[in-house]
Structures are given as structure tokens and as C-alpha cells.
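To start, the structure itself, in C-alpha cells.
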Amino acid sequence: MYTIFINDSVLILSSLESVLEFDEQSEIQIYSCDYSMNSAINKVQNGLCKSLILRGE
């Protein structure tokens, strides 16, 4: 698991089998391609979500 802080937001990269504790305000996305990573970074950078968990292999 990796945690990346961008401004006042957080992007968490995690494997699919990891069990994470997160609050209800965290958004969860499944990594499927490079676009998923770019989309997640843009959401966090632009303040569209305060906490985003990107799960994948």
C-alpha cells in the first residue's frame, strides 16, 4: 500500500486483496489501465474528492 499526499487530499494505491479501513467520504476506484491512474490523480489534484483509494494488482 502506498499513500500519496496531494495538497490537502490523499491518494492511496492498494492491492485488490488488501483490506483497508476508510471513512465514508473516501472514494474507491479499481485500476484497469493508465487512464485510471491519470483520472485518480486529476480528481485529487482538482479537489473533486478529499480521499481516493485506487485498488489494483
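So the values come out like this:
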{"read-out": "The range 29-54: number of residues that are farther than 16 Å from residue 5 by Cα and touching a Lys or Arg at 6+ places or on another chain (Cβ under 8 Å)", "value": "3"}
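Yes/no matrix, rows are residues, columns are (1) of a type in the set (Asp, Glu); (2) loosely packed, with under 14 Cβ neighbours inside 10 Å; (3) at pLDDT below 80:
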position	(1), (2), (3)
3	no, yes, no
9	no, no, no
20	no, yes, yes
23	yes, yes, yes
41	no, no, no
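The values are calculated or read from the model by the stated rules, or taken from the named source; none is laboratory data. Everything quoted here is computed from the prediction, not taken from an experiment. Using ideal geometry, Cβ is built from the backbone for each residue, glycine included, and neighbour counts are taken over all protein chains shown.
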